[in-house]
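Report on the following structure.
The values are calculated or read from the model by the stated rules, or taken from the named source; none is laboratory data. Being a predicted model, the structure only gives us computed values, none of them experimental. All Cβ positions, glycine included, derive from the backbone under ideal geometry; neighbour counts span all protein chains shown.
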Amino acid sequence: MRRPSWEAPESRNESNEVPGRVPQDFQARLRALPAKPGVYLFKDKEGSVIYVGKAANLRSRVRSYFGAPSNLPSKIQRLVSNIRDFELVITNSEQEALILECDTIKKYTPRYNASLKDNKTFPYLKIDIAEDWPGVCITRRVQKDGARYFGPFASAGSVRKTLRLIKKIFPYRSCSKSIDGKDKRPCLDYYIHQCLGPCVGAVDKKEYRAVINQVILFLQGKQELILRELDARMKSAAQQLQFEKAALLRDQIDAIEEVIEGQRIAMKLQGEKDVVGLAQNETQAYVEIFFIRNNKLIGRDHFIMEGTQDEFPGEIMTSFVKQYYASASYVPRLILLQHPVEEPAVLLEWLSQQRGGKVELQVPQRGAKKKLVDTVAENAARGLELAQLKEMKSEVISSGLQELKNRLRLPKMPQRIECYDVSNIQGTLAVASMVVLEKGWPRPAHYRRFRIKTVAGADDYAMIQETLRRRFTRGATSEGTWGIIPDLVLIDGGRGQLNAALEVRQELELDSIPMASLAKEKEEVFIPGDPGPVDIPKDSPALHILQRARDEAHRFAISYHRKLRRKESITSALDNIPGIGPKRRKALLKKFGSVKAIKEASLGDLSQTGGISPALAEKVKEYLKDS
């Protein structure tokens with residue numbers, strides 16, 4: 001690929017231009033456009049990319065935008081009215097332009113392109129087959145590292161559901177510990193038959209690899225091959241009088257057959273295929289995709305396409321196929337579509353390259369394939385209805401935020417609410433949490449946890465003050481999420497906790513930040529200057545928003561406190577042993593997993609741990625003997 005020999009001039013303010021009219025400085029540039037394939041980028045007056053397209057002939061395609069406005073769709077008219085500059089990248093072929101177009105849209109997410117929502121972070125399942133004892137994990141990055149990837153999935157929820165299913169059926173390890181087969185005891189998964197126990201040497205690599213191969217086949221939709229293999233192994237185990245092993249294999253077979261039964265579809269369709277249907281409203285499109293392998297529906301997913309105003313279904317379908325299969329780990333031989341795509345020959349060539357073999361795109365008009373496409377389209381329509389209901393719920397939340405503004409006498413609607421809670425047991429291992437609601441919805445990426453450092457004893461007021469002092473002191477000197485000023489600070493507690501928070505607000509000269517507290521006993525809300533609680537009905541959406549923030553902050557603080565308690569109980573016994581510092585303690589726990597396992601280990605095993613001499617191993621045994 002190569003850039004054109006000319007450079008785009010500085011964009012200028014063309015506010016007096018009529019939409020659709022060619023900007024004065026574009027005239028010469030449009031005449032000089034090359035009649036070659038490539039990608040074009042339109043920019044607004046700020047220099048931001050607002051649209052990306054590809055063309056077999058850049059001269060014809062780009063100039064077509066600047067004709068008579070009446071001949072252009074309304075969406076394109078709005079686009080053209082905002083174009084102040086453009087840039088070209090010339091490619092060697094239309095195929096190359098398509099690939100570059102996909103990458104460029106993903107990079108800039110222009111507002112006038114139809115784009116997959118959050119398409120940068122689709123989750124996948126990954127199996128690193130190069131490892132001695134592979135596991136199955138969730139990842140959002142597909143790399144060319146020899147590992148097997150399955151996906152993409154539409155959400156973390158859908159990939160976790162699949163992960164739970166395969167873990168229930170196949171006894172592979174789900175831990176991340178280093179495996180040497182010398183652990184003294186296996187974990188709980190081994191005893192409930194959900195792991196073969198490689199950590200204690202209960203399985204060899206060949207047998208474990210067979211399980212991982214079954215997982216791969218299952219994710220590929222080849223359950224019949226697994227069933228034949230398991231059935232043969234079950235019969236062999238029974239003949240050798242290994243009845244417990246045979247029973248476990250029988251249960252595994254039953255679980256897989258139950259999954260298969262739930263996946264069967266009425267239509268008889270041969271081979272592997274994806275089926276894509278969509279539904280759209282005025283603002284977005286909902287795309288449903290079914291994955292069929294060996295005559296079975298092995299999975300389904302849905303995706304939201306944004307920026308689809310005034311676009312025809314075929315245009316939306318084209319955008320989806322480009323963006324989805326640009327990142328998909330697998331492309332089937334046949335893809336059934338509800339609507340025909342634009343430029344199918346170019347897409348077919350590109351998809352065949354992605355697959356490494358021939359690909360067909362079909363828009364069936366009759367028969368079993370048409371019925372299947374109609375089924376997927378009906379699912380898409382129902383999915384869009386549910387998405388619209390969720391938007392209606394958003395309207396309820398919006399009304400609740402407006403009510404909060406009025407009842408708490410806030411200067412503006414509280415789009416960002418930060419809620420704080422503390423957790424401790426008689427002052428020990430004291431922690432605090434900060435959770436964030438944005439427009440009434442949790443924003444987990446902005447949650448923060450604090451380990452209380454300066455407060456001795458069970459003084460909740462002082463802990464709240466330390467937390468707020470640290471949060472806003474850092475916010476004054478930091479960028480990113482720390483630097484965002486909340487529209488409301490909510491404290492878990494009553495009037496006393498609120499007064500403690502107000503002292504910090506005055507100390508740091510942050511009087512412009514509104515504060516309130518929510519007392520759990522009677523669900524009373526307190527604000528500065530009012531001696532009594534604010535009058536908020538118990539069934540009010542405004543109160544529900546505050547309760548949601550308070551409950552989330554409490555949960556987040558408690559989970560952190562429990563984590564510290566577990567860590568404290570594990571390490572406290574080792575901290576009292578002379579010669580065992582942080583590095584040796586970490587080495588012991590990494591190898592043995594728990595203080596109990598260290599206590600039960602032999603002197604030889606202990607002395608083989610990094611940094612542990614035979615003399616120190618004896619000291620460890622001596623100190624742990626009575627613990």
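Yes or no, residue by residue, for (1) in contact with a strand residue (DSSP E or B) (Cβ under 8 Å, 6 or more places away or on another chain); (2) in a loop (DSSP other than H, G, I, E, B); (3) crowded, with 18+ Cβ neighbours inside 10 Å; (4) touching a residue at least 40 places away in the same chain (Cβ under 8 Å):
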residue	(1), (2), (3), (4)
Pro332	yes, yes, yes, yes
Val346	no, no, yes, yes
Leu351	yes, no, yes, no
Gln354	no, no, no, no
Glu378	yes, no, no, yes
Ala381	yes, no, no, yes
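Looking at Val136, Val200, Val159, which one is among the aliphatic types (A, V, I, L, M) and in contact with a Ser or Thr (Cβ under 9 Å, 6 or more places away or on another chain)?
Checking each option against the conditions leaves just Val136.
Just to be sure before I move on: is Glu288 among the acidic types (Asp, Glu), crowded, with 19+ Cβ neighbours inside 10 Å and not assigned by TED's automatic domain parsing to the domain that holds Arg78 in the structure I sent?
In short, yes.
Lys371 versus (1) in the same structural domain as Phe291 (by TED's automatic domain parsing); (2) assigned to a loop (DSSP other than H, G, I, E, B): which is the lone unmet condition?
The one condition Lys371 does not meet is (2).
Out of the range 299-354, which residues are hydroxyl-bearing (Ser, Thr, Tyr) and under 20 Å from Asn113 (Cβ atoms)?
Passing the criteria: Thr308, Thr318, Ser319, Tyr324, Tyr325, Ser327.
For Arg366, all conditions in the list (1) more than 31 Å from the chain's Cα centre (by Cα); (2) in the same structural domain as Asp492 (by TED's automatic domain parsing); (3) charged (D, E, K, R) hold save one; what is the number of the exception?
With respect to (1) more than 31 Å from the chain's Cα centre (by Cα); (2) in the same structural domain as Asp492 (by TED's automatic domain parsing); (3) charged (D, E, K, R), Arg366 is out only on (2).
Can you go through Ala615, Ala549, Ala601 and tell me which one is in the same structural domain as Leu490 (by TED's automatic domain parsing), at pLDDT 80 or above and not acidic (Asp, Glu)?
Going through Ala615, Ala549, Ala601 in turn, the sole match is Ala549.
Would you say Tyr108 is more than 30 Å from Ala210 (Cβ to Cβ), in contact with a helix residue (DSSP H, G or I) (Cβ under 8 Å, 6 or more places away or on another chain) and either polar (S, T, N, Q) or modelled with pLDDT of 80 or more (or both)?
no
If you scan the range 461-478, which residues turn out to be free of Cβ contacts under 8 Å to residues at least 24 places away in the same chain and either touching a strand residue (DSSP E or B) at 6+ places or on another chain (Cβ under 7 Å) or outside the structural domain of Leu518 (by TED's automatic domain parsing) (or both)?
Answer for the range 461-478, where residues must be free of Cβ contacts under 8 Å to residues at least 24 places away in the same chain and either touching a strand residue (DSSP E or B) at 6+ places or on another chain (Cβ under 7 Å) or outside the structural domain of Leu518 (by TED's automatic domain parsing) (or both): just Arg470.
Looking only at the range 361-374, decide whether some residue is touching a Phe, Trp or Tyr at 6+ places or on another chain (Cβ under 8 Å), surrounded by 14 or more Cβ atoms within 10 Å (Cβ to Cβ) and not acidic (Asp, Glu).
Looking for residues that are touching a Phe, Trp or Tyr at 6+ places or on another chain (Cβ under 8 Å), surrounded by 14 or more Cβ atoms within 10 Å (Cβ to Cβ) and not acidic (Asp, Glu), one finds at least one in the range 361-374, hence yes.
Do the conditions hold for Arg474, that is, is it basic (Lys, Arg), surrounded by fewer than 15 Cβ atoms within 10 Å (Cβ to Cβ) and within 17 Å of Glu507 (Cβ to Cβ)?
Here the answer is yes, as Arg474 does meet what is asked.
Could you check the range 273-310 and list, in sequence order, the residues that are over 22 Å from the mean Cα position of the chain (by Cα), modelled with pLDDT under 85 and either assigned to a strand (DSSP E or B) or not β-branched (Val, Ile, Thr) (or both)?
Across the range 273-310, the qualifying residues are Asn281, Glu282, Ile292, Arg293, Asn294, Asn295, Lys296, Leu297, Gln309, Asp310.
When Phe26 is evaluated against the numbered criteria (1) modelled with pLDDT of 75 or more; (2) surrounded by 19 or more Cβ atoms within 10 Å (Cβ to Cβ), which criterion, by number, is the only one it fails?
(1)
So which pairs qualify, if the first residue must be in the range 197-211 and outside the structural domain of Lys591 (by TED's automatic domain parsing), the second must be of a type in the set (A, V, I, L, M), the Cβ gap must be under 8 Å, and the two must be at least 6 apart or on different chains?
Partner pairs satisfying both residue conditions: Gly197/Val203; Pro198/Ile179; Cys199/Ile179; Ala202/Leu196; Val203/Leu196; Glu207/Leu196; Tyr208/Leu196; Val211/Leu196.
Suppose the filter is surrounded by fewer than 21 Cβ atoms within 10 Å (Cβ to Cβ), in contact with a His (Cβ under 6 Å, 6 or more places away or on another chain) and β-branched (Val, Ile, Thr); does Thr481 pass it?
Criteria met by Thr481.
Could you run through the range 30-56 and say how many residues are touching a residue at least 24 places away in the same chain (Cβ under 8 Å), basic (Lys, Arg) and over 23 Å from Leu347 (Cβ atoms)?
The total comes to 2.
Return yes when Leu510 is at pLDDT 90 or above, among the aliphatic types (A, V, I, L, M) and part of a loop (DSSP other than H, G, I, E, B) and no when it is not.
It is true that Leu510 is at pLDDT 90 or above, among the aliphatic types (A, V, I, L, M) and part of a loop (DSSP other than H, G, I, E, B).
Looking at (1) over 24 Å from Ser319 (Cβ atoms); (2) modelled with pLDDT under 80; (3) not aliphatic (A, V, I, L, M), can you tell me which one Pro73 breaks?
(1)
Here is a list of conditions, (1) β-branched (Val, Ile, Thr); (2) at pLDDT 85 or above; (3) over 30 Å from Gly157 (Cβ atoms), and Ile99 meets all of them except one; can you say which number that is?
Result: Ile99 passes all but (2).
Within the range 72-120, can you find the residues that are among the polar types (S, T, N, Q) and over 27 Å from Thr283 (Cβ atoms)?
If the condition is that a residue be among the polar types (S, T, N, Q) and over 27 Å from Thr283 (Cβ atoms), then Thr91, Asn92, Ser93, Gln95 are the ones that fit.
I'd like to know if the range 188-205 contains one or more residues that are closer than 24 Å to Ile138 by Cα, surrounded by fewer than 14 Cβ atoms within 10 Å (Cβ to Cβ) and over 32 Å from the mean Cα position of the chain (by Cα).
There is at least one residue in the range 188-205 that is closer than 24 Å to Ile138 by Cα, surrounded by fewer than 14 Cβ atoms within 10 Å (Cβ to Cβ) and over 32 Å from the mean Cα position of the chain (by Cα).
For the range 584-627, give me each residue that is among the aromatic types (Phe, Trp, Tyr) and surrounded by fewer than 18 Cβ atoms within 10 Å (Cβ to Cβ).
Across the range 584-627, the qualifying residue is only Tyr623.
With in contact with a helix residue (DSSP H, G or I) (Cβ under 8 Å, 6 or more places away or on another chain), among the hydrophobic types (A, V, I, L, M, F, W, C), surrounded by 20 or more Cβ atoms within 10 Å (Cβ to Cβ) and part of a helix (DSSP H, G or I) as the only criterion, which of Val52, Val62 stands out?
Val62
What do you reckon, is Glu385 surrounded by fewer than 17 Cβ atoms within 10 Å (Cβ to Cβ), of a type in the set (D, E, K, R), part of a helix (DSSP H, G or I) and in contact (Cβ under 8 Å) with a residue 40 or more places away in the chain?
no
Look at Leu437 and say whether it is part of a strand (DSSP E or B) and surrounded by fewer than 19 Cβ atoms within 10 Å (Cβ to Cβ).
no
Which one is surrounded by the most Cβ atoms within 10 Å (Cβ to Cβ), of the residues in the range 312-330 that are part of a loop (DSSP other than H, G, I, E, B) and either of a type in the set (A, V, I, L, M) or modelled with pLDDT under 85 (or both)?
Ala328
List, please: which pairs have Cβ atoms under 8 Å, are six or more places apart or on different chains, and start with a residue in the range 91-111 that is over 13 Å from Leu58 (Cβ atoms) and end with one that is of a type in the set (S, T, N, Q) and buried (at least 17 other Cβ atoms within 10 Å of the Cβ)?
These pairs meet every condition: Cys102/Gln323; Ile105/Asn113; Ile105/Ser115; Ile105/Gln323; Lys106/Asn119; Lys106/Gln323; Thr109/Ser115.
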